[in-house]
C-alpha cells in the first residue's frame, strides 16, 4: 500500500509541478473572421460572416459568408501534426459581381489567426525545427492592382510579454513581445503555389515560446479569387521533449485526475 500511495504522490506531484522556470502558457487559441463588401474604389457596406469565431482557449474556429458581393471561408485549428498540436490555417475569398449584376465590384475577405505555446520539458537544452507549408491559388483578371492576394505572417515570440492578439503592432510596440524569428509569405496576381520554409529555435529546460500565425485571403472586383484553403500548416521535424500549451492539463485538471487515482489505489490496497 505504501508503495502505491508513494507512486501516486509522485504522479500527482509531476502533474502539478511545472518544469523548472517554466511559465504557465495560457494565451493560446485561434480566431476566424470573414466579410464581404461593395468595392467601387474603396470597400463600403461591409457585411460580416458567422460561425464559431473562436478566441483565447479555442482549439477550433471557423467563419463563413456567401452573398451577392462575395464568398469567403476561414478556418483555424490547433491540431496534432507530427505528434504535437500545431496551427492549421485555411482561408479563401471569391469576389462576385457586386450590388449590380454588371458592375463586377464585389469583394470578399477571410482572416484566420492562431497562437500556440511550447515548452521544453526534456530537462536538457534542445533545438527544434518547425517546418511550414503554404498552398494557395490566386487569380486576378487585372494583375498588378494588388487587391487580390494571400498573405501569411509567421512569428516565433519569447513567452514573456506575449498575449493572445492578432495585432503585431500591439504585441511588439505596446506589450514588448520579443521576436525570435519571423517570415512573411505573399502570393498575389495570378499564381498557384506551394511554398515551404522552416524555423529553428533552441530552448533551455523549462523555457517557452509562442508560435504566432496569421493569414488573410482577399479578393476584390473582377470575379477574382484568393484560395488558401489548401492550408498553411506547421510540423515539427522532431517534437521529442516539447509540450504544447493547448494539450497540457491545467492544475485543476491534474487535481481532478490525481484524486480518483489515489482513491482507487487505496481501495485496492485494503
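The values are calculated or read from the model by the stated rules, or taken from the named source; none is laboratory data. Not measured: the values here are computed from a predicted model. All Cβ positions, even for glycine, are placed from backbone atoms using ideal geometry, and neighbour counts span all protein chains on display.
Go through region 39-63 residue by residue and tally those that are part of a strand (DSSP E or B) and touching a helix residue (DSSP H, G or I) at 6+ places or on another chain (Cβ under 7 Å).
Of the residues in that region, 0 qualify.
I'm trying to understand the selection: among the residues of region 36-52, which are under 11 Å from residue 106 (Cα atoms) and buried (at least 20 other Cβ atoms within 10 Å of the Cβ)? Show your work before the answer.
Taking region 36-52 and keeping what is under 11 Å from residue 106 (Cα atoms), we get 36-46.
Residues satisfying the conditions are 36, 37, 38, 39, 43.
Condition check ((1) modelled with pLDDT under 95; (2) part of a loop (DSSP other than H, G, I, E, B); (3) over 17 Å from the mean Cα position of the chain (by Cα); (4) surrounded by fewer than 15 Cβ atoms within 10 Å (Cβ to Cβ)) across all residues:
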| position | (1), (2), (3), (4) |
| --- | --- |
| 122 | yes, yes, yes, no |
| 132 | yes, no, no, no |
| 135 | yes, no, no, no |
| 146 | yes, yes, yes, yes |
| 154 | yes, no, no, no |
| 157 | no, no, no, no |
| 162 | no, yes, no, no |
| 169 | yes, no, yes, yes |
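If you take the residues of region 53-72 that are closer than 29 Å to residue 223 by Cβ and surrounded by fewer than 20 Cβ atoms within 10 Å (Cβ to Cβ), which of them is farthest from the chain's Cα centre (by Cα)?
68
Would you mind telling me which numbered condition in (1) exposed (fewer than 14 other Cβ atoms within 10 Å of the Cβ); (2) in contact with a strand residue (DSSP E or B) (Cβ under 7 Å, 6 or more places away or on another chain); (3) at pLDDT below 90 residue 19 fails?
(1)
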